[in-house]
Every structure is written in structure tokens, then in C-alpha cells.
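As C-alpha cells, the structure follows; a few thoughts come after it.
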Amino acid sequence: MHGVRRARQTQEALEAKRLKDQSKLRDYLALSDDVLARKKQKDWSREALRATTQLLQVNPEFYTIWNYRRHILVNGIFPESTPEQIQDLLKDDLSLTMAALKIHPKVYWIWTHRGWCLNNVPSGPGVDGEGDPRGWEKELWNQELFVVEKLLDADPRNFHAWSYRRVVLASLPVSKPETSELAYTTRKIESNFSNFSAWHQRSKVLSSLWSTGRLDQTKSKEEEFDLVQNAMYTDPRDQSVWIYHRWLIGSDREIAVIQSLLEEETHSKWCMESLVHYKRLLLHNHAALVDKSALTRDCIHLLEQLRKVDPGRRARYDEIEITRL
Amino acid sequence: MSHETNPLLIPLHVSYIQNLGKNKNDLIYHLTAHLRMNAIYWGLTALCTMNHREALDRDEMIDYVMSCWDEETGGFGAHPDHDAHILSTLSAIQILVTQDAIGRLDIDRVVKFILSLQQPSGVFAGDSFGEIDTRFSYIAVNALSLLGRLGDLDVEKTVSYIAQCRNFDGGFGSRIGAESHAGQVFVCCAALTILDRLDEIDTPTLSWWLAERQLPNGGLNGRPEKLEDVCYSFWVLASLSMLKKVHYIDSDKLISFILSAQDPEGGGIADRPGDMPDVFHTHFGIAGLSLLGYPGLVDIDPVYCMPAALIETLGLRKGWQSLERRMR
């Protein structure tokens, strides 16, 4: 369990709660026993489906019942249904999982079932020559993009939602261009620079756009450095930006960019730590072009300051000084 | 040492774990049946680390594990009549190995079940419904290794998928494209350690990212800008152990943080100070303390999260480093 405060309760209060829970427990066990008995008998009926709905609403983490529900649909109900009816049944399950996700946005089993629904959308409504046979798929996948955006608005760091978003983008019958996803990450970052999940997504989208030549890497990097520097000035204590910046620099040996960072005046631990990193890069990669003893002195001085402002991580700063200057 | 003023309350945690199975009249006990196999593994391993494994009955435990065997699929569910899943299958195997009862297992069938879950991409699914996650890759590698059947695994395919999960920050996510998270970093590092493929890790960058998980209150978080949580004391520390960088963390502050998350009345450890304890955080808090060299605890193997002496006896110990055990 996470984030549940310990409450000091009196014996009376505990007993009262236990009594109240007794009837809940009886009901729960009766329901659970009934559903598991039906499962054992391979009951694939609509009544069984309703029973699983009830149980999953009480306990959406009961993974065995999500499995059973899928078996009921696939073995019992779908074979007797028209494509339209299957589509409606899946929409019911999308509603069921949506309601569950609003209360439990981080339960793996719910996300998995939602993905399963999308992967089982039948062809329709059109058939050969008459309308779009992927119409239902398109409708539902486009809706998923909207749904996951809402969930990411509620919690921009929910990694289940981000993973699901990537699945949705890959599954859209008509793909969206990656530049539009780049714009999405820009929106998320501009609304909160501390959104590491958005920076991470950005690193993936850019890597793909650069490696396929769809975006000119040099020009794009210039824009990235502008974005990052803006974020650094807004809040130098935010680590997302520094980690992202290191990745940008790491794949590029442009001295000028490193030199301009050396003129930074902030005294944040992140700035010092990054300066040590970049000066070491200069020492190792551009030795012929720099004043080695001055840079080494700078690093030693910065490491001394780092040991003062960030004493918990001094062992790492010691190691850098001893082994890697 | 200041920890004498707030010590690890071992007898209290032992009785906390013993009492877990006695709550059959509590609603929450039944609502968490889907975690039971995992919970027993967490409780047993915590007891081993506190040197009190005898506190839970061995035969009862083994009987429970075997009652969760799913004859149709060849794996274990979390509870009798629950479907087999790779998560509960690993916990079952770990319990049987720890209790020296591996003879109860149909090894060929379990191996077949695990291998059947590998996808063409190299990742593993959790069950036949196909949810994929690098956690399941680690589980497969760990389980096959404990069963002496690593030779049956397509190692290249397994490693190749994990390598594609490596991110710009040196960390790993749950699947290709996913954000780095300390739990996923742990499973990927541990899988690569067992397979002797630490070359796939950017150690300087990852050990930096891991070091930066420590917050001013001494606790560790799982990702940038998230809250501290006792369970990261294990995920992060174990990863650093495998990279031989445990010294990157301020151990005194982390020890104090874990100890302050204890429930001094009922026992057990919570995710953070003042919260309700549970067996999951109790186990990982104690495991973290063991890796930090807390006195009086038994060594734990960070790769398998099982008693280190046992893993060594099985010939499975890898080149990880934890902090020296302190004397009182």
C-alpha cells in the first residue's frame, strides 16, 4: 500500500470498523466464491459476465477475474454475436475500465484489459466496397488518444498512461506524424518544465526524427538548446532539464556550446555537477585545444564546492577526482 | 551511532509478519488474495534476513505453495483457484528454493510454461494474455537460473530486447520506449547480471542517475521529482550493488530514513514515516538495511533478492558489492 497514513484508533473504533467490515466481507466472499465456481464450470453465460462486472467493480486487482471475463466474451458471447453486438460489448468494457481507471489509474490489469478490447475490435461497419471496414477501429483508437490525454492531464507522470499512449500512437490505423508528438511534448514541457516523462518522450521522438532524416539534426539541436536554456534559467534546481541537456551534449562535441555554459552564473549543485562533467569532456576529447591545467584546477575547485553543497554524494565526487580527471 | 536511539525493532517485525496470516476475518486480507504468493515470499525473505526464518511454519508454507499449482498451464497462481502468472510462479519457486523443497516441483513443466511466454521480440509476457514488461524478462531469467535451466533460454534475444529499453539517462523502462524507473532499472540490471551482459549498461550515466534518487530527507525515490519510498531502498541500492557503486549513496541518512518508517507499535515498515506498514515495504526496507551493512542482519543477494549464502551454495553468486556489515 502506498501513501496511507497510520491512524491511532481506539479499541472501540477498531471493533466498530471490524463489525461493519464483517457484512462487506461476507458479501465479498459470497460473490468471489460464486464467480470462481462458475469459472471452474466454464460458465460462459451473460449471467456470469454480469457477476464478473460486479466483482471487478469491487476489486479491479483480481487479475484472475479479468482473465475469466475475457474467456466468457471470447468463448461464450462473441460467437453468438454480430459484429455490431461485439462492438457494443467492447464499448461496455471500455466504460467499465474507464470508471476503474479514474479510481485506480495505476493498476496494470485494468490497462491490459483496455488494450485487449482495442485489439479485438471487429472489422466494420463497412464491408468490401461499402464503407470503411476499419471504421470502428479508427473511431475507437482515435478516442483512446483523447482518453489517454485526459489521464495525462490528471497525472502527467503516470507511466502506465505514457506506455499506453505509445501503444495507441503505434496502433492508429492512420498514423499521426511524429512531429505532432514532438509538439505534444512541447506543450507538456511548457506547462511544467519538471515533467521528466515528457522530456523522456521528447528524447525518443527526436532520436527517431533525426535517425530517419525527417528533421535536420543540427538545426533541431539549436532549438533544443534554446528550449533547455530557457528551462534552466526558469528553475536551475530542476533536474529534468540537466539530465536532458547532458544527453544533448553527449551526442555532440560542439565546443562553443560547452564554453557558453561555462559562463553560467548560477550556483546550483546541478550547474556545478554539469560543469565538472563538461570540463572533463573537454579534457578528454579536445585536449589539444584547451588549457589542461586550468580546466583540471577548475574541476578540483568545483568538486570541493560540490562536497559542501551536496555532502550525501561526496563519495562519488571523491571518486571522480581520484580516477577520472 | 545514532541508530541506537531508533533501532530496527526485529522482534516486533517478526511478530508483525507472523500475524499477517492470522487476519482471515479482515476484508483487506481477502481483497489482496491476488498478491498472496508474493506476500509469503516477502514475509519469508524478511524473516531470513532478520535471522528468524523459523517464525513461519515450513510445511504449511510448502503445502500452500503447492495448492496454487495450476495443472492446466504448468505454473503457479497467487492463491488456490487463481490463474497461473509469471509473477506468482517466481515467488513460488523462490519460496521452494529457500525452504529447500525444490523436489516438490515439476521442473520440466514450469520451464516449459516460462519459455512459452517469450515473445518474438525477446521480451516475456506475464501470461497467455500477453502483457509484456521487462519485469517478466527478469523473472524468466531469475527462475530459469534458480532451476538450473538457463541453458534453455535464447539469451541473445532476451538481452537484445532489454538493451533496446535503455534510455537517454542510462536507465531502463518497462518496455521499448518507456521512461526509466528504479524498479525497471533493477530488473534490467539483475537480468543482465545473471546473463553476464553488464556490458549493455552505461555504468557512469546510470550510477549517476541512481545516486540522484536520494532526497534531502535521506530517502530514495524511483524517478526524478517523485516522492521518497522505502521500497526504492532496495531497487536503487541493489542496482548500485551490481554496478559496484553503493558508496554513491549516503548510507547513514538512508538507514535513518528506513528506520523512521517503522511502526513502533504494531511492527512492520511503511513506504514512508507515519504511513501504514505492509509486508512489501517491511521486506524491502529490511533488504535495503542488509545491503547497507546494518548490524545483526543476514546478507541478502541483491540480484535474486534471496539469502546470499543460499545463492552462493547454488553457485549463482555474481560480482556485486554491498556495504560491510557493521558491528553494533
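The values are calculated or read from the model by the stated rules, or taken from the named source; none is laboratory data. Keep in mind that what you see is a predicted model, and the values were worked out from it rather than measured. In this analysis, Cβ positions are derived from the backbone assuming ideal geometry, glycine residues included, and neighbour counts consider all displayed protein chains.
Couple of notes before you dig in:
- Among residues of the stretch B:24-72, those that are in contact with a strand residue (DSSP E or B) (Cβ under 7 Å, 6 or more places away or on another chain) and within 14 Å of another protein chain (Cβ to nearest Cβ), counted: 3
- Qualifying helices (runs of 4 or more DSSP H) (wholly inside the stretch A:1-86; at least 1 residues being within 11 Å of another protein chain (Cβ to nearest Cβ) and exposed (fewer than 12 other Cβ atoms within 10 Å of the Cβ)): A:11-40
- Matching option when the condition is at pLDDT below 85 and more than 12 Å from chain B (Cβ to nearest Cβ), among A:Glu304, A:Glu263, A:Glu321: A:Glu263
- Among residues of the stretch A:113-124, those that are of a type in the set (Ser, Thr, Tyr) and under 18 Å from A:Lys150 (Cα atoms), counted: 0
Residue-by-condition table, conditions (1) under 22 Å from B:Thr89 (Cβ atoms); (2) buried (at least 16 other Cβ atoms within 10 Å of the Cβ); (3) more than 20 Å from the chain's Cα centre (by Cα):
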site	(1), (2), (3)
B:Pro7	no, no, yes
B:His13	no, yes, no
B:Leu20	yes, yes, no
B:Leu27	no, yes, yes
B:Ala33	yes, yes, no
B:Gly43	yes, yes, no
B:Ala46	yes, yes, no
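- Test set (1) within 14 Å of chain B (Cβ to nearest Cβ); (2) surrounded by 14 or more Cβ atoms within 10 Å (Cβ to Cβ); (3) part of a loop (DSSP other than H, G, I, E, B) - A:Leu169 fails condition number: (3)
- Picking from residues in the stretch A:172-205 that are among the small types (Gly, Ala, Ser) and farther than 30 Å from A:Asn120 by Cβ, the one that is surrounded by the most Cβ atoms within 10 Å (Cβ to Cβ) is A:Ala198.
- Residue match in the stretch B:275-287 (condition: surrounded by fewer than 24 Cβ atoms within 10 Å (Cβ to Cβ) and among the small types (Gly, Ala, Ser)): no
- When A:Ile300 is tested against (1) touching a residue at least 12 places away in the same chain (Cβ under 8 Å); (2) surrounded by 15 or more Cβ atoms within 10 Å (Cβ to Cβ); (3) in a helix (DSSP H, G or I), just one condition goes unmet, and that condition is (2).
- Restricting the search to helices (runs of 4 or more DSSP H) fully inside the stretch B:1-68 and requiring at least 3 residues that are under 20 Å from B:Leu289 (Cβ atoms), hydroxyl-bearing (Ser, Thr, Tyr) and out of contact with any Phe, Trp or Tyr (no Cβ under 6 Å at 6 or more places or on another chain) gives B:36-49.
- Residue among B:Ser91, B:Ser15 that alone is of a type in the set (Gly, Ala, Ser) and over 30 Å from B:Arg326 (Cβ atoms): B:Ser91
- Condition broken by B:Asp81, with the remaining ones in (1) farther than 20 Å from B:Leu310 by Cβ; (2) of a type outside the set (Phe, Trp, Tyr); (3) buried (at least 18 other Cβ atoms within 10 Å of the Cβ); (4) within 14 Å of chain A (Cβ to nearest Cβ) satisfied: (3)
- In the stretch B:237-250, the qualifying residues are those that are farther than 29 Å from B:Val155 by Cβ and part of a loop (DSSP other than H, G, I, E, B), and the one that is farthest from the other protein chains (Cβ to nearest Cβ) is B:Ile249.
- The number of residues in the stretch A:272-297 being touching a helix residue (DSSP H, G or I) at 6+ places or on another chain (Cβ under 8 Å) and assigned to a helix (DSSP H, G or I) comes to 16.
- Residue among A:Ser211, A:Ser197 that is within 17 Å of the chain's Cα centre (by Cα), free of Cβ contacts under 8 Å to residues at least 60 places away in the same chain and within 14 Å of chain B (Cβ to nearest Cβ): A:Ser197
- Residues that are touching a Ser or Thr at 6+ places or on another chain (Cβ under 9 Å) and free of Cβ contacts under 8 Å to residues at least 12 places away in the same chain were ranked within the stretch B:117-154; the one that is surrounded by the most Cβ atoms within 10 Å (Cβ to Cβ) is B:Glu131.
- Considering the stretch B:155-175, and only residues there that are within 14 Å of chain A (Cβ to nearest Cβ) and over 22 Å from the mean Cα position of the chain (by Cα), the residue that is surrounded by the most Cβ atoms within 10 Å (Cβ to Cβ) turns out to be B:Asp169.
- Just so you know, in the stretch B:84-122 the residues that are aliphatic (A, V, I, L, M), outside any helix (DSSP H, G or I) and more than 15 Å from A:Asn67 (Cβ to Cβ) include one that is nearest to the other protein chains (Cβ to nearest Cβ), and it is B:Leu105.
- For A:Gly213: the one exception among (1) under 26 Å from B:Arg223 (Cβ atoms); (2) modelled with pLDDT under 95: (1)
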